[in-house]
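See below for the structure under consideration.
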Amino acid sequence: MKVFTTTSELKEFLKSGRIAAMKEGKELQVGLVPTMGYLHEGHASLLRKARAQNDLVVLSIFVNPIQFGPNEDLDRYPRDAERDLALAEHEGVDAVFMPSVEEMYPQPIKTKVAVEELTSKLCGASRPGHFDGVTTVVSKLFHIVAPNRAYFGQKDAQQVAVVAQMVKDLNFDLEIIPCPIVRENDGLALSSRNVYLSAEERQAALILSRSLKQLEADVYGGKEVTVLEARQQLTQKIESEPLAEIDYVEIAAFPSLTALQLTNSFNSELEVFGAILVAVAVKFGTTRLIDNVLLTGKGEAIHV
Ligand code: PAF
């Protein structure tokens, strides 16, 4: 496994790989897994999928300052390069790209990539500018690596929708592969930020997966609720946990994030849209967690 800290060295490595493949009459298939490090089993699942579908797997580890707001956790974002590299090696990664902030942003950035509409709701409403930071750094990574496929966790469902929209709008020549949420045995969705939770907060946070799972079971079980009722029930369940402070509880079509008719039955909206995202963002102490469930009409995989 090679580790690169500069764009030029990584590009050189990819170029020689592509030339070697071409000489054998093949096109090198490159998979990119963009991350901010502090890797966990969720990231490992992305790497495994990338490994299975590509000749060469690139993992990027970069805590991207421009996607953090002024009062967010950029400075305390957890980092452990040694452990990340061991996990990457174990998952058969070919190249790790770990640039410094100066390497990625050698001069104050004057160009940003911004996706409209999809970024004004859910996390975009409470984290202004966040998605512009994501789409800008992801565009840079796509230009540097030129992957055939890029892998994103469905836990950040809005990020998947936003990046997929950007790829379509800007003709990036690659496929976005959304990968399922990975959970602890007790249901907690894996996140690098789980490390911030106290034991009591971690226990309280289980309300998210439990209440989302309940809604999923209700809908798939054919229970007739309107979209509004579903949202109210979910909100009440989360509010029943004293340590939970709700940022949002939202239900929207996926991946368009179009608002649903609140007074229509959940199931009829599911038939119209094919896939519905039920997403929550909730604070436990100082830690803001997100979780979601994606309901599909026929229980099929989602293509973005
Ligand atoms: O999901 C993340 O870890 C980040 O938002 C990403 C996609 C690596 C961009 O910095």
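The values are calculated or read from the model by the stated rules, or taken from the named source; none is laboratory data. This structure is a prediction, so every number in the text was calculated from the model and none was measured. Cβ: placed from backbone, ideal geometry, glycine included. Neighbour counts: every protein chain shown.
Within 12 Å of the ligand (Cβ to nearest atom), touching a residue at least 12 places away in the same chain (Cβ under 8 Å), in a helix (DSSP H, G or I) and buried (at least 19 other Cβ atoms within 10 Å of the Cβ) - does that describe any residue in region 185-208?
Checking region 185-208: at least one residue is within 12 Å of the ligand (Cβ to nearest atom), touching a residue at least 12 places away in the same chain (Cβ under 8 Å), in a helix (DSSP H, G or I) and buried (at least 19 other Cβ atoms within 10 Å of the Cβ).
When you go through (1) more than 18 Å from Gly187 (Cβ to Cβ); (2) at pLDDT below 95; (3) exposed (fewer than 15 other Cβ atoms within 10 Å of the Cβ) one by one for Ile302, which number turns out not to apply?
(3)
Only residues that are touching a Phe, Trp or Tyr at 6+ places or on another chain (Cβ under 6 Å) and closer than 21 Å to Ala150 by Cα: list them for region 59-87, please.
Ser60, Val63
Tally up the residues in region 113-141 that are farther than 13 Å from Asn64 by Cα, free of Cβ contacts under 8 Å to residues at least 60 places away in the same chain and surrounded by 13 or more Cβ atoms within 10 Å (Cβ to Cβ), please.
First, the residues of region 113-141 that are farther than 13 Å from Asn64 by Cα: 113-128.
With free of Cβ contacts under 8 Å to residues at least 60 places away in the same chain added as a condition, the list becomes 113-116, 119-120, 124, 127-128.
This time we only want the ones that are surrounded by 13 or more Cβ atoms within 10 Å (Cβ to Cβ), so: 113-115, 119, 124, 127.
Selection size over region 113-141: 6.
In region 115-135, which residues are of a type in the set (Ser, Thr, Tyr), farther than 16 Å from Ile176 by Cα and either within 11 Å of the ligand (Cβ to nearest atom) or in contact with a strand residue (DSSP E or B) (Cβ under 8 Å, 6 or more places away or on another chain) (or both)? Before the answer, list the steps.
Here is the first cut: in region 115-135, the residues of a type in the set (Ser, Thr, Tyr) are 119-120, 126, 135.
In the following step, the residues that additionally are farther than 16 Å from Ile176 by Cα were identified as 119-120, 126.
The answer is Ser126, and nothing else.
Do you know which residues across region 147-172 are of a type in the set (Lys, Arg), assigned to a helix (DSSP H, G or I) and under 14 Å from Leu32 (Cβ atoms)? Spell out how you get there, then give the answer.
Initial filter on region 147-172 (of a type in the set (Lys, Arg)): 149, 155, 168.
Okay, now just the ones that are also assigned to a helix (DSSP H, G or I), so 155, 168.
Once the filter is applied, which keeps residues that are of a type in the set (Lys, Arg), assigned to a helix (DSSP H, G or I) and under 14 Å from Leu32 (Cβ atoms), region 147-172 yields nothing.
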